[in-house]
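Worksheet: the structure to be examined is printed underneath.
Since every read-out is calculated from the coordinates, none of them should be taken as a lab result. As the structure is a prediction and not an experimental result, all values here were calculated from the model. A quick note on method: Cβ atoms are made from the backbone with ideal geometry, for glycine too, and the neighbour counts reach across all protein chains shown.
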Amino acid sequence: MTYSVAPKWMFLLYSFVLLISFSGCKKKADDVVVTPDPPKDKAFLPRLDIATTGNAPINSTDIYVPTTISIDGLDAFDDYKGSAQIRGRGNSTWNLPKKPYKFKLDEKASLLDMASEKDWILLANYLDGTHLLNAVAMKAGQLMNLPFTNHIEPVEVYLNGQYQGLYMLTEQIEVKKNRVNIGDNGILLQLEQYFDEDWKFRSTAYRLPVMIMHPELTDAKELEPIITQFEQMEALVARPDFPNNTILDFLDAESVANYFLVNMLCDNRELNHPKSTFLYKTKTGKWTMGPIWDFDWAYAYEKTQRHFSTFDQSMLWSPPSTGTRFFTQLMTIPAVKAAMKQKWADFKVQKLPALLTYVDQYALLIEDARARDYQKWKRGNLDFKNDVVTLKSWLKNRAVYMDEFIGRL
């Protein structure tokens, strides 16, 4: 997958700010083109219309509904219109009032300058009243150079003519040339407590719930070599001589360090369950952590039900859960610890300021749309600017905590 680390909107926005200041402009994130204020009756963000055949409701995460997807990209992006199939998505998020969706285009297309494919996700962010958290996490992953990190493009969604609010359009995590590009013979797994895919297994040593995302299997015999490869790595983690064995012949230490750092910075504790935790390998390569995914419950939300409630809690739980035992072991690998120390030192000096700038830019971009979303769903804080200050302050405090934690490794 060929994604640019510094999207074109960053350069355009920065140049525009230097020329005239933010006060007289509107903006578009992650590949934004900055333009003067449009007329008041025109949306500031791209508008994505879902028009289901016969106005059919979307009331299932399993059954697709025929639809037409239309995108008014304004002056920032190419417009799009095409036929597709759409369904609900998510586990707990599907039960919330504002629904997330997955749609599959009949023909591959590049939407909002993201790489061309058929499958796309619309994140509703009902739990995240700031509408910033997943975008900031993905930006952190890009700055940390995690391969195959998703892009986030904010859009305002209409379903059969009815306003649904501010969403994030992003890529589906899947093995494709323009997504997780590991070849048809590669393996993509998801560790997920919901354990709801057709092909899955519980691992022997740590009882991890492993679901097969790729390849597509048709026979139980095809599952056996995948189990063997995963448990070969897992068994080394469980052995008494770990980490002083051959684990690094089977596991990419740098990817583990990167994965830990991004999730730790955002205080994402999904890997403890585990859920929404991906890893992959090419046919002849090592197991590699990623891509990152799902930060609704991050930023101290887990167990407190309130974002930004604390900044100094450990990413790994005590007492441990199923995933905690496995990932705590990985953090003891000397090569992982060394990589975490080096990468965090570099990130804090060279990339954290860019991440904080991104918070400001993305917040400025979505400010008006977030207000419209609030009017519909009454989620978030009326004082959005205060939310932005709170998030940036929390990230700075979290960085101090990480200095202390990583210093003790």
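Given 37 °C and 0.692 mPa s, how large is the Stokes-Einstein diffusion coefficient of segment 363-402 in µm²/s, with Rh as the Kirkwood radius over Cα pairs?
293
What three numbers, in Å, describe the spread of the alpha carbons of segment 309-409 along their principal axes, ordered from the longest?
Projected onto its principal axes, the Cα set of segment 309-409 covers 49, 33, 17 Å.
If one computes the Cα centroid of segment 289-356 and of segment 232-267, what distance in Å separates the two points?
So the two Cα centres are separated by 14 Å.
Given just the C-alpha atoms of segment 235-274, how large is their convex hull per residue in cubic angstrom?
Taking only Cα atoms, segment 235-274 has a hull volume of 84 Å³ per residue.
Each residue of segment 354-368 in order: what ³J(HN,Hα) in whole Hz does its phi give by Karplus 6.51 cos²θ - 1.76 cosθ + 1.60, θ = phi - 60°, with x for Gly and Pro?
The phi angles translate into 5, 5, 5, 5, 4, 4, 4, 5, 5, 4, 5, 4, 9, 3, 5 Hz.
Please state the relative contact order of the chain as a whole percent: Cα pairs under 8 Å, 6+ residues apart?
15
For segment 135-183, which trypsin sites (Lys or Arg not before Pro) pass both filters: DSSP loop (anything but H, G, I, E, B) and at most 16 other C-beta atoms within 10 Å?
Lys177
Rounded to the nearest angstrom and ordered from largest down, what semi-axes does the equivalent ellipsoid of segment 61-194 get from its C-alpha gyration tensor (root of 5λ)?
22, 19, 17
So how do 140-147, 232-239 stack up, highest first, on mean other-Cβ count within 10 Å?
Ranked by mean Cβ neighbours within 10 Å, highest first: 140-147, 232-239.
Could you quote the convex hull projected area for the chain, Cα atoms only and averaged over all directions, in nm²?
19.5
So which of Lys283/Lys337; Lys102/Lys283; Lys200/Lys343; Lys341/Lys396 end up more than 23 Å apart, counting from Cα to Cα?
Violating the 23 Å limit, Cα to Cα: Lys283/Lys337; Lys102/Lys283; Lys200/Lys343.
What order do you get for 257-263, 181-187 when each peptide is scored by the mean count of other beta carbon atoms within 10 Å, highest first?
257-263, 181-187
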